[in-house]
Amino acid sequence: MIGRCLASLLLVLATWSSTSIANDVLAFDTPEQQQRYRILIEELRCPKCQNQNLEDSNAGIAIDLRNQVYKMINDGQSNEQIIDYMVARYGEFVLYRPVHNASTALLWYGPFALVAIGALIFVVVIVRNKRHQSKKDIES
């Protein structure tokens with residue numbers, strides 16, 4: 001029984017490690033292309049996964065998109081062309097860092113506005129309490 005479990009575990013681990021090694025073997029003409037590939041798959045989000053980029057995801061669509069990025073780099077397309085293709089096909093969700101525009105302004109500047117509003121409320125409460133305390137001191 002224990003021998004079967006160990007054999008099964010060994011088989012699973014061997015299969016898992018061989019697939020992750022196979023994913024990393026891509027032939028590039030230059031080291032610059034390989035670096036561009038790494039940068040792009042780190043910047044592009046897996047459309048299926050909630051919070052993983054293409055590099056970290058093992059979903060089928062992430063593998064397809066990594067292959068698409070590889071093909072487009074080897075075809076001589078620029079990073080901007082590749083990103084534009086991905087956005088046109090999958091929407092801005094595919095960008096790990098959304099662009100600055102009117103539709104994402106709340107996403108980029110909302111947290112700062114909330115902190116500023118919280119600080120303003122804090123100051124107003126402190127000033128009112130001091131005024132209230134000074135009125136009590138005057139009345140006493």
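Summary of values
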quantity	calculated
Filtered residues of the stretch 87-118 (kept if part of a helix (DSSP H, G or I) and under 24 Å from ALA62 (Cα atoms))	VAL87, ALA88, ARG89, TYR90, GLU92, PHE93, VAL94
The one condition in (1) at pLDDT below 85; (2) under 20 Å from the mean Cα position of the chain (by Cα) that LEU95 fails to fulfil	(1)
Qualifying residue in the stretch 123-135 (condition: assigned to a helix (DSSP H, G or I), in the same structural domain as ILE39 (by TED's automatic domain parsing), of a type in the set (Lys, Arg) and without any contact (Cβ under 8 Å) to a residue 12 or more places away in the chain)	no
Of the criteria (1) in a helix (DSSP H, G or I); (2) among the charged types (D, E, K, R); (3) surrounded by fewer than 10 Cβ atoms within 10 Å (Cβ to Cβ), which one ASP84 fails	(3)
The stretch 58-78, residues that are in a loop (DSSP other than H, G, I, E, B) and surrounded by fewer than 13 Cβ atoms within 10 Å (Cβ to Cβ)	ASP75, GLY76, SER78
Filtered residues of the stretch 34-52 (kept if of a type outside the set (D, E, K, R) and either touching a Phe, Trp or Tyr at 6+ places or on another chain (Cβ under 7 Å) or surrounded by fewer than 17 Cβ atoms within 10 Å (Cβ to Cβ) (or both))	GLN34, GLN35, TYR37, ILE39, LEU44, PRO47, CYS49, GLN50, ASN51, GLN52
Of all residues making up the stretch 37-57, the number that are in contact (Cβ under 8 Å) with a residue 12 or more places away in the chain and either in a loop (DSSP other than H, G, I, E, B) or hydrophobic (A, V, I, L, M, F, W, C) (or both)	10
Filter result for the condition that a residue is among the charged types (D, E, K, R), at pLDDT 80 or above and out of contact with any helix residue (DSSP H, G or I) (no Cβ under 7 Å at 6 or more places or on another chain), over LYS71, LYS135	LYS71
All positions within the stretch 56-114 that are of a type in the set (Gly, Ala, Ser) and either over 22 Å from GLN34 (Cβ atoms) or not assigned by TED's automatic domain parsing to the domain that holds ARG45 (or both)	ALA59, GLY60, ALA88, GLY91, ALA102, SER103, ALA105, GLY110, ALA113
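The values are calculated or read from the model by the stated rules, or taken from the named source; none is laboratory data. Treat the numbers as computed from the prediction; the structure is a model and nothing was measured. Note that we place each Cβ from the backbone using ideal geometry, even for glycine, and neighbour counts take in every protein chain shown.
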